[in-house]
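The values are calculated or read from the model by the stated rules, or taken from the named source; none is laboratory data. Nothing here was measured: the structure is a model prediction, and the numbers come from that model. Cβ coordinates were reconstructed from backbone atoms using ideal geometry, including for glycine residues, and neighbour counts include every protein chain displayed. The area values use the complete protein model at the heavy-atom level, side chains included, leaving out ligands, DNA and RNA. Shrake-Rupley method; radii C 1.70, N 1.55, O 1.52, S 1.80 Å.
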Amino acid sequence: MAVIRDVMAAFELYQPSSVADAQKLLEQHGPDAWVLAGGLDSLDWLKDRIRKPKAVVDLSGIAELRGVRTTNDGNDGIEIGAMTTLTEVVNHPVIKQKYGLLAESAELVASPQIRNQGTIGGNVSQDTRCWYYRGGWPCYRAGGNICYADTPEGRNREHAILHADRCVAVNPSDSAPALIALDAKFVVRTPKGERVVDAEDYFIGPDIDITRLHILQPGDLLTAIRIPSTWARAQFYFEKVRDRNVWDFPLMNVASAMVTSGDRIERIRIAVNGAAARPLRLKAVEDAVRGQPRNTATGEMAGRLAVQGAVPLQFNAYKIPLMRNLVKRAVSGVEEATWAS
Amino acid sequence: MAERVSSKAMQDVQEEGVLKAVSRRDFIKGVISSGVAVSSAGYLFRASSILHGQQLAAGVGERLITLNVNGQQRRVDVMKQETLAWTLRYKLGLTGTKLGCDRAECGSCSVLIDDIPHYSCSVLTHTVRGRKVLTIEGLAAEDGTLHPVQQGVIDEQGFQCAFCMPGFIMTAVGFLKTNPNPTRRELAHGVSGNLCRCQDYDKILTALMRGAENMRRSSLG
Ligand SMILES: Cc1cc2nc3c(=O)[nH]c(=O)nc-3n(C[C@H](O)[C@H](O)[C@H](O)COP(=O)(O)OP(=O)(O)OC[C@H]3O[C@@H](n4cnc5c(N)ncnc54)[C@H](O)[C@@H]3O)c2cc1C
Ligand code: SF4
Ligand code: FES
Ligand code: FES
């Protein structure tokens, strides 16, 4: 995949020190601008010369976008600046203690060096890893009128089983489902002002816009992610399945936050990623298991319900039992399998 | 000025058919030691015409910036789209940092930026102005005494071809700064973002564990 073509095409690099300046630059350059966070998704596009922005706007010098703050909304939630690195998220004491689900998901991203540099804002805003698309093939997502992955010979082992619409690519983020399960809010700065959206509404499928995985329009910035205290210290479950234990994107992952009373599930939020073009919140599953005992039978019911309507491609049918099992384990709380090494 | 010098150098090089005449390493070191500003010509043999033409055409040239590398202030001409690995190797002559994949997938380019391990192939040089860059060349003490982790690697003969070694050592040094007393498993996790093509990870870990021990001892003594 990683073909060294040559160095990146020339661009002008802007390094603003405030969100307002960054926004001015983005407005000025419109569709020719590229937002640079940690660069781990961005630089691939630029090195492969699939994208050739004229102006790259580097957010790394904007102090107001960094760090974790407690919010003053009286409920003890936190706000994570978009440029906070994944390592900072993993190590933050409040995130570890109260929102461990997010720390756990971020710790499973890629490799230590990537977590040291990759940002939470970039992690949720990154593009799909479908290799046809990233290799520069003129597919639907790239503005063409064919999907190269959804053909009898297409390499689609990593692709979607749910909600495909022409494009069968998946969202590759590990932190996204954890943020959905924690009922996080994403703070988006648009040229018209600030917008706060529910985590699950930040992500969009090809039915809404086939060229993007999220709602950001040119000129928009994600500035922060807020986590309310609603699910602080709940019972969390995160599991990621991948081919290698380092670097690999999730084939699929699951994140859940649950509050029980006695053996009953009182409240639950659950999301999976790697199944569709956006991380999926499984509302039907949440509704079905609420009030039920937390046991294997409930887990199995949840798993079956989760995969209803799933359609496999040539090489990814394994994702259906995988998703069924992940949801089952997240709901019934069975220990995940581990490798002895 | 710098650009003119280097494009002249490039022309000479191209006319001579440089790959026959001088090894690229000799050429680069030669340029560096002769004190001529080393410009984009650094390592253009792979893509000379494209990069060269682009520079002239787009007019997006280099900018002279000062970088803090291995404790020294280094002034260097850097393109906007240049990665740190590129600057270190082909502008500053610090070829101890290796380029394997150029895609954040192998770890051979690992350096410390403000004490934290990063893949230098995936960092734009302009973004590290004002930060401290440490490469394998900057690890040993001024009198030549090796860093405790380097010594551990030598004592245990940790590597085979050693292409991956600078990356492993820098990552381990960064990890050990915050986790000075790791278990073998924790250290393995710490350097899990580094690949070795020769693949004796067990031996590498033994060497790095020895390095960790040396480091603890040297900070005691
Ligand atoms: C080898 C490799 C393996 C990886 N494995 C995993 C993995 O297992 N799991 C996983 O979840 N991720 C993985 N990643 C992805 C990596 O974590 C993300 O690429 C990274 O988090 C993106 O963040 P970044 O800060 O580097 O952003 P960038 O690459 O700079 O940005 C990513 C995208 O988001 C946009 N963007 C970023 N921040 C903002 C903002 N604040 N406002 C508006 N737009 C913004 C950029 O314009 C760009 O389009 C991997 C990456 C690599 C290179
Ligand atoms: S899955 Fe989507 S991104 Fe991949 S080739 Fe098909 S249309 Fe393009
Ligand atoms: S060369 Fe940078 S990670 Fe491989
Ligand atoms: S020793 Fe040869 S690549 Fe690691």
Taking segment B:165-177 as the region of interest, how many residues are within 14 Å of chain A (Cβ to nearest Cβ), out of contact with any strand residue (DSSP E or B) (no Cβ under 9 Å at 6 or more places or on another chain) and open to solvent by 10 Å² or more (accessible area, probe 1.4 Å)?
0
Subset of segment A:219-266 [away from ligand 2 (no atom under 16 Å from the Cβ), within 19 Å of A:ALA277 (Cα to Cα) and part of a loop (DSSP other than H, G, I, E, B)]:
A:ARG242, A:ASP248, A:PRO250
I'd like to verify a number: residues in segment A:35-60 that are closer than 24 Å to A:TRP131 by Cα and in a strand (DSSP E or B), how many?
3
Regarding segment A:281-292, can at least one residue be identified that is open to solvent by less than 30 Å² (accessible area, probe 1.4 Å) and among the acidic types (Asp, Glu)?
yes
When the residues of segment A:43-54 are narrowed to those that are at the interface with chain B (Cβ under 10 Å from one of its Cβ atoms) and open to solvent by less than 10 Å² (accessible area, probe 1.4 Å), which ends up farthest from the chain's Cα centre (by Cα)?
A:LYS47
Restricting segment A:61-80 to residues that are more than 14 Å from chain B (Cβ to nearest Cβ) and part of a loop (DSSP other than H, G, I, E, B), the residue that is modelled with the highest pLDDT:
A:GLY67
For segment B:89-137, please list each of the strands (runs of 3 or more DSSP E) lying entirely inside it that holds at least 3 residues being of a type in the set (Asp, Glu) and over 9 Å from the mean Cα position of the chain (by Cα).
none
Looking only at segment A:212-228, which residues are open to solvent by 20 Å² or more (accessible area, probe 1.4 Å), under 21 Å from A:ASP174 (Cα atoms) and in contact with a strand residue (DSSP E or B) (Cβ under 9 Å, 6 or more places away or on another chain)?
A:HIS214, A:ILE215, A:LEU216, A:ARG226, A:PRO228
Quick check on A:ILE146: is it part of a loop (DSSP other than H, G, I, E, B), outside the structural domain of A:GLU107 (by TED's automatic domain parsing) and crowded, with 22+ Cβ neighbours inside 10 Å?
no
Subset of segment B:181-209 [open to solvent by 10 Å² or more (accessible area, probe 1.4 Å), away from ligand 3 (no atom under 16 Å from the Cβ) and either within 12 Å of chain A (Cβ to nearest Cβ) or part of a helix (DSSP H, G or I) (or both)]:
B:ARG184, B:ARG185, B:GLU186, B:ALA188, B:HIS189, B:TYR201, B:ASP202, B:LYS203, B:LEU205, B:THR206, B:MET209
If I ask for residues that are touching a Gly at 6+ places or on another chain (Cβ under 6 Å) and at the interface with chain A (Cβ under 10 Å from one of its Cβ atoms), which ones from segment B:91-111 would you list?
B:CYS106, B:GLY107, B:SER110
Going by the structure shown, is B:HIS147 away from ligand 3 (no atom under 16 Å from the Cβ), closer than 28 Å to A:ALA9 by Cα and open to solvent by less than 50 Å² (accessible area, probe 1.4 Å)?
no
